Amino acid sequence: MENFELDKDYTIRSVLEHSFHKIVLDYLIVDNELILEPDLVKSKIDLIMEEWTRKCKVVSDIFNDWSHQYQPLDYVFDDAFSNIMCPIEFDEMSAVVLNLLNGKATNLSGIPNKL
């Protein structure tokens with residue numbers, strides 16, 4: 001981390017120039033059968049990886065059981081979150097800081113962990 005802070009260009013160059021290890025699969029043994037033909041090795045590996053990473057079957061009943069949880073709530077107004085992305089005003093931040101609890105330690109940013 002210290003080297004990165006001192007010389008960011010060097011760090012980026014060293015990562016980009018890093019050599020990666022390669023796996024060479026020139027044969028394959030499947031069900032006690034030796035496969036040497038390159039195209040067959042590749043297709044067999046593709047099939048094995050596809051089966052190994054196949055998608056899980058999702059039980060649709062789970063969605064039906066939970067779908068009501070994602071319906072709009074009558075007691076939450078449509079505009080309840082309309083200002084959520086508005087920038088924080090200086091006065092608002094000052095008011096929060098002035099109301100912080102005394103005696104709480106801060107992290108490196110100077111902002112206390114418990115507001």
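The values are calculated or read from the model by the stated rules, or taken from the named source; none is laboratory data. A quick note: this is a predicted structure, and the numbers were derived from the prediction, not measured. Every residue, glycine among them, receives a Cβ derived from its backbone with ideal geometry; neighbour counts consider all protein chains shown. Only protein heavy atoms, including side chains, enter the accessible area calculation; ligands, DNA and RNA are left aside. Shrake-Rupley method; radii C 1.70, N 1.55, O 1.52, S 1.80 Å.
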Does the range 90-104 contain any residue that is of a type in the set (Phe, Trp, Tyr), at pLDDT 85 or above and outside any helix (DSSP H, G or I)?
no
Answer with yes or no whether ILE48 is open to solvent by less than 80 Å² (accessible area, probe 1.4 Å) and outside any loop (DSSP other than H, G, I, E, B).
yes
Looking at ILE35, ILE62, ILE45, ILE111, can you tell me which residue is in contact with a helix residue (DSSP H, G or I) (Cβ under 6 Å, 6 or more places away or on another chain) and either at pLDDT below 85 or closer than 30 Å to LEU25 by Cβ (or both)?
ILE35
